[in-house]
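> This is the structure, below, for whatever I ask next.
The values are calculated or read from the model by the stated rules, or taken from the named source; none is laboratory data. Not measured: the values here are computed from a predicted model. Please note: Cβ atoms are built from the backbone with ideal geometry, for glycine as well, and neighbour counts cover all protein chains shown. Just so you know, the surface numbers come from the protein's heavy atoms only, side chains and all, with ligands and any DNA or RNA stripped out. Shrake-Rupley method; radii C 1.70, N 1.55, O 1.52, S 1.80 Å.
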Amino acid sequence: MGPQAVNLLIVRPIPDPYGWRTLGLNAMIQDLKRTSEVVLVSNRLPVQQVKRGRMSHWETSPGGLVSALRPIIRDLSCTWVGWTGETGVEIAPFVQDGIQNWPVPLVNAEVRGFYEGFSNRIIWPLYHDAIRQPEYRQAWWKPYVDVNRRFAQAASEAVEPGGTVWVHDYHLQLVPSMLRAIRPDVRIGFFLHIPFPPQELFAQLPWRREILEGLLGADVVGFQTRIGAKNFAEVARRFANATGSDEIVQFDERSVQVGAFPISIDVEQFETLAASDDVVSQSIEFRARLGGARKIILGLDRLDYTKGIDTRLQAFRELLRSRRIARDDCVFVQIAIPSREHVAEYKELRVKVEGLVGEIEGEFGDIGRTPIHYLHRSVDQRELVALYLAADVMLVTPLRDGMNLVAKEYVASRLNNTGVLVLSEFTGAAKELKSALLVNPHDIGALVGRMERALRMPAAEQAIRMKSLRRTIKENDVYKWANTFFHTLAYART
Ligand code: ADQ
């Protein structure tokens, strides 16, 4: 997946959301677009732009979705529709690693209304149990509709007659019905990566009927868990006049198949990395740098209030205060990847987390020895696996999470069946990874107890649990996930 030259890159400022259409470049761009049998649509494209001086090129972003889909789409003509992450620039479609990338332009005002506003301050908190109060601001609805329409339009131009379009995630819930209105000939799938909330919460959404009608434009609507699928079917019947069962919902004289498709990871890829010499030696070095015999507890997340990083830190402080584990016997490493830094709740969370880290250091640190290491940055994949190998205990304690891939990545990396996964009951992953030490992350006392138990767990029990976890993830890797979804979509009764 090395860098490749861009086929054509046109980057120029655009004066307004639609102004680019008048720039006179449209005819040239049209010539370069080819239609595809399969079109994937997600908020972000699977590529990132790497700039060196005045030159720039695209690289495929590391990530489960691209690697999961590549074997399936390899022999098909495939297009990916999405935003590049840059505003105010127009970029023509280009091919990278055999996939045609079809950029959808956004301007700053849209990023504020569609992305930071409607998607991340209404849908994200509401769908995660409303653990932060959603801000139902009317002004964010229009940009959400407008941007969804632009994505639907792009998908409709990209797909071949009778082709398949797979739409991803909460930013694009209106795309299925908008696309169906333009292209009734295509098969449309939708997959939600985050939880779908129960009726009592979803009912709050001022645009609940419109969102449901948007999703019901798909032939298959997929969720991470059975409960998410059931919640959706219930609200579709209650608020959108749909009928039918939890599995086949009837709407607008069509059948919509609803189901659970728990996402996973490329298990083999993690196993290969975990067995490679450089990763193993880096993990040994991490261990030595962290204090040799000390047990290592690891947390690794996007810095997001759903991930329970603050309560996890409070629990670690309680554990040290209680002296149930001596401060010299363990060390906590928290890696937090920066995320949505323009959104107020995320700024507040950073202040809170960094405050707690400081308090723990102040209370339990010593000259030359700290009980906690906190990194506010991303790590590359080899470093990531080296950390998983070094960690005796992995703490995955979100207050709510659609799936949580970190838990699966840790398990995939533990080739020698050692290590303990402490996993929140409120993750999708907990439905599958039943041999983990499950915990209610809202209960700090329970978290403290689980941490202690994990740190003291005998090797024999670790091995039994880890073997069972590894069996589970090997049976359902990301290839199976993508295959199952495509298969369901291909055979859906419509
Ligand atoms: P996320 O909320 O981003 O995903 P998660 O499933 O844990 O959560 O995936 C995070 C990914 O980022 C993992 O692959 C992890 O390795 C990586 N990562 C995290 N911190 C990192 C760091 N500091 N440096 C480098 N990499 C880091 C959303 C939903 C989840 C759902 C996924 C997939 O919120 O519930 O599991 O999509 O559907």
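> Along Cα→Cβ, 7 Å out, is where each label goes; now give me the distance between the ones at Thr494 and Lys352 in nm to one decimal.
Each label point lies 7 Å from its Cα, and together they span 4.4 nm.
> By DSSP, what percent of the beta bridges with both residues in the chain are antiparallel, rounded to the nearest 5?
Antiparallel: roughly 25 percent of the beta bridges in the chain.
> May I ask which residue of Gly85, Ala130, Val95 lies farthest towards the positive end of the charge dipole of the chain, with charges of +1 (Lys, Arg) and -1 (Asp, Glu) on Cβ and the Cα centre as origin?
Ala130
> Return an integer: the convex hull volume of the alpha-carbon atoms of the chain, in Å³ per residue.
150 Å³
> Turning to a different aspect of this structure: Starting from 0.36 nm per residue, how many nanometres of slack lie between Arg238 and Ser77 once their C-alpha separation is accounted for?
Extending this stretch completely gives an extra 54.0 nm.
> Give me the number: length gained by fully extending Glu363 to Lys480, i.e. 0.36 nm times residue separation minus the C-alpha to C-alpha distance, one decimal in nm.
Working it through step by step, the gained length comes to 37.4 nm.
> For the full complex of protein chains and a 1.4 angstrom probe, list Ser283, Ser177 by accessible area with the highest value first.
Greatest to least solvent exposure: Ser177, Ser283.
> Spin-label point model (7 Å from Cα, Cβ direction): what's the Glu452 to Ala181 distance in nm?
It works out to 6.0 nm between the two label points.
> For region 271-342, build the convex hull from the C-alpha positions and give me its volume per residue in Å³.
Convex hull of Cα atoms, per residue: 130 Å³.
> Could you give the nm distance between label points at Ala293 and Ile464, where each point is 7 Å from its Cα heading toward the beta carbon?
Result: 2.8 nm between the two label points.
> Could you pull out the GluC sites (Glu not before Pro) across region 302-407 that fall in loop regions by DSSP (anything but H, G, I, E, B) with no more than 10 other Cβ atoms inside 10 Å?
Glu341
> Here's a follow-up. Can you give the alpha-carbon Rg of region 267-475 over 2.2 N^0.38 Å, where N counts its residues?
Normalised Cα radius of gyration, region 267-475: 0.95.
> Name the long-range amide H neighbours of Leu106: under 5 Å, sequence gap of 5 or more, or other chain; modelled H, no Pro or chain starts.
Under 5 Å from the amide H of Leu106 lie the amide H atoms of Gly88, Val89, each far enough along the sequence or on another chain.
> For region 123-184 and region 468-494, what is the separation of their Cα centres, given in Å?
24 Å
> I've got another one for you. Put His342, His487, His193, His128 in order of accessible area, largest first, 1.4 Å probe: what do you get?
From most accessible down to least: His342, His487, His193, His128.
> Which value, in Å² and to the nearest 10, is the accessible area of Asp266 when all protein chains are kept and the probe is 1.4 Å?
20 Å²
> Using a 1.4 Å probe, what is the accessible area per residue for the chain, in Å²?
41 Å²
> Next up: If you keep only loop residues by DSSP, which trypsin sites (Lys or Arg not before Pro) in region 285-348 have at most 11 other Cβ atoms within 10 Å of their Cβ?
Arg323
> Ignoring any ligand, DNA or RNA, what whole percent of the accessible area of region 359-416 comes from carbon and sulfur when the probe is 1.4 angstrom?
Whole-percent figure for carbon plus sulfur exposure: 47.
> Here is a follow-up. Would you list which aspartates and glutamates come within 19 Å of Lys142, measuring only between C-alpha atoms, while excluding same-chain residues fewer than 8 positions from it?
Once the sequence-local aspartates and glutamates are set aside, what remains near Lys142 is Asp16, Glu110, Glu116, Asp169, Glu210, Glu213.
> Pull out the extension gain between Asp277 and Ala139, defined as 0.36 nm times the separation in residues minus the alpha carbon to alpha carbon distance; nm, one decimal.
Here the segment from Asp277 to Ala139 would lengthen by 44.3 nm.
> Sort all Cα-Cα distances of region 81-166 into consecutive 10 angstrom bins from zero, then give the percent of pairs in each bin up to the one containing the longest distance.
P(r) over region 81-166, rounded to whole percents: 16, 39, 30, 14, 1.
> Let me ask something else about it. Given the protein chains as shown and a 1.4 Å probe, how many square angstrom of Leu447 are accessible, to the nearest 10?
Per-residue accessible area (Leu447): approximately 0 Å².
> What accessible area, in Å² to the nearest ten, does a 1.4 Å probe give for Ile227?
100 Å²
> From the C-alpha gyration tensor of region 404-471, pull out the three semi-axes of the equivalent ellipsoid (sqrt of 5λ each), sorted largest to smallest, in whole Å.
18, 15, 8
> Then there's this: Using a Förster distance of 41 angstrom, determine the FRET efficiency expected from the C-beta separation of Asn440 and Arg54, and round it to 0.05.
It comes out at approximately 0.15.
> Here is a follow-up. For the chain, what is the calculated [θ] at 222 nm in deg cm²/dmol (nearest 500), taking -39500 (n - 2.57) for each run of four or more DSSP H residues and dividing by its residue count?
-12000 deg cm²/dmol
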